[in-house]
Amino acid sequence: MFIGIYCAKAQELTIPQLSQYLSDNPFLMSPTYAGIGNYVKVRMNGLTQWVGVENAPDTQSLSADVRLRNKSGLGMVLYNDSNGETKQRGGKVSFAHHLIIDRHEDNFFSFALSFSMNQFRIDIENFNTNDDPGVLDDRSSNNPNFDLGVLYRKGGFYMSLNASNILNKSLENFNPIFEPNTLRNYSLYAGYRYRKDPRDKFELEPSVFFQYFENDGRSVTDVNIKFRWYDFLDYYYAGFTYRFLNDQPGNPLYIAPIVGLKKGDFYFGYSYQVIMNEILGYSSGTHVLTLGIDLFQGISNCTCTY
């Protein structure tokens, strides 16, 4: 099944990007968002794919970012991902810098660099080695890598471009015939936050996320819509996302309602993804849960980090 192949390959040294970034957590998708905001923003994500399927992909991540002085930010991500007998875990540290193009029009440009260290491992603990005497021990590799990103914002509009896993993967402990070593992928995330009036309590935010994998030319697109209701500093939101392969736009991989809220310093987000292909007969869907907290509020003197 194509979705199984897609997710297995996407696992390699890449945190699976489903709808976690829509849960007030764009830094998980792009390092350029590090330091944008008045808090130390901490987000914990749990992602359980294909509920009901044995050894289905399962991912946990912890991300945090903070502003440095007035125009820079620092962030980190730790994650653990399993997909059957393949496991990966790793971490990423990001630095972002934000520039003011025109403060009166809220026009800003940001760029970011990330360094990551990932371990990819094939675990033979549950293998039947009698069937394959060539399987003697676990196979693993540790791979350092880099990500690059830029972000443009003007008023309610935003657009980020990102390149991940710039370096090739080490294949010393794997069969180079079957293991891809080019893991670069590129993404674009753009959207617009619209209010009829600045004092209006309701906000509409359409957005799109596009991701392209260099090794085999696969690409996917998310089309999203969110509605927010503000209650002073708190807010509630609901929305919808539609993901499809770009050569099959009329056949979605999944559709997913999303809901969440921010109450005081605490944040909650949830998405349930309804699978729309042949695996639907075996799985009840995918759960994505986000919990967060905002710590140590500090007002910036520069609007580029608001």
Top-ranked residue of region 235-258 - restricted to ones that are of a type in the set (Gly, Ala, Ser) and out of contact with any helix residue (DSSP H, G or I) (no Cβ under 8 Å at 6 or more places or on another chain), ranked as nearest to residue 49 (Cα to Cα): 256
Test residue 78 against the stated conditions and say whether it is in contact (Cβ under 8 Å) with a residue 60 or more places away in the chain and in a strand (DSSP E or B). no
With the condition kept exactly as written, say whether any residue in region 133-145 is at pLDDT 80 or above and surrounded by 13 or more Cβ atoms within 10 Å (Cβ to Cβ). yes
Pairs with Cβ under 7 Å, 6+ apart, first in region 184-203 and over 30 Å from residue 144 (Cα atoms), second of a type in the set (Gly, Ala, Ser) and not in a loop (DSSP other than H, G, I, E, B): 191/207
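Mind counting the residues in region 2-46 that are modelled with pLDDT under 65, part of a loop (DSSP other than H, G, I, E, B), on the phi < 0 side of the Ramachandran plot and not acidic (Asp, Glu)? Walk me through how you get there before you give the answer.
Looking only at region 2-46, we keep the residues that are modelled with pLDDT under 65, and these are 2-14.
Now drop any that are not part of a loop (DSSP other than H, G, I, E, B), which leaves 11-14.
Next, from what is left, pick out any that are on the phi < 0 side of the Ramachandran plot: 11-12, 14.
From what is left, the residues that are not acidic (Asp, Glu) are 11, 14.
Adding up the residues that qualify gives 2.
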Conditions (1) crowded, with 16+ Cβ neighbours inside 10 Å; (2) at pLDDT below 80; (3) in contact with a strand residue (DSSP E or B) (Cβ under 6 Å, 6 or more places away or on another chain); number of the one not met by residue 61: (2)
Taking region 279-298 and keeping only residues that are in a strand (DSSP E or B) and modelled with pLDDT under 75, one is left with none
Quick check on my filter: what residues within region 221-242 are without any contact (Cβ under 8 Å) to a residue 40 or more places away in the chain and within 21 Å of residue 149 (Cβ to Cβ)? 221
Those residues of region 268-279 which are open to solvent by less than 20 Å² (accessible area, probe 1.4 Å) and under 17 Å from the mean Cα position of the chain (by Cα) amount to 269, 271, 273
Is there any pair linking a residue in region 250-266 that is within 19 Å of residue 42 (Cα to Cα) to one that is of a type in the set (Asp, Glu) and open to solvent by 20 Å² or more (accessible area, probe 1.4 Å), with Cβ under 8 Å and at least six apart or on different chains, and which? 260/24; 261/234; 262/24; 262/234; 263/234; 264/234
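The values are calculated or read from the model by the stated rules, or taken from the named source; none is laboratory data. The shown structure was predicted, so the numbers you read here are calculated from the model rather than taken from an experiment. We place every Cβ from the backbone using ideal geometry, glycine too, and count neighbours over all the protein chains shown. Accessible surface is based on the protein model in full, side chains and every heavy atom, while ligands, DNA and RNA are left aside. Shrake-Rupley method; radii C 1.70, N 1.55, O 1.52, S 1.80 Å.
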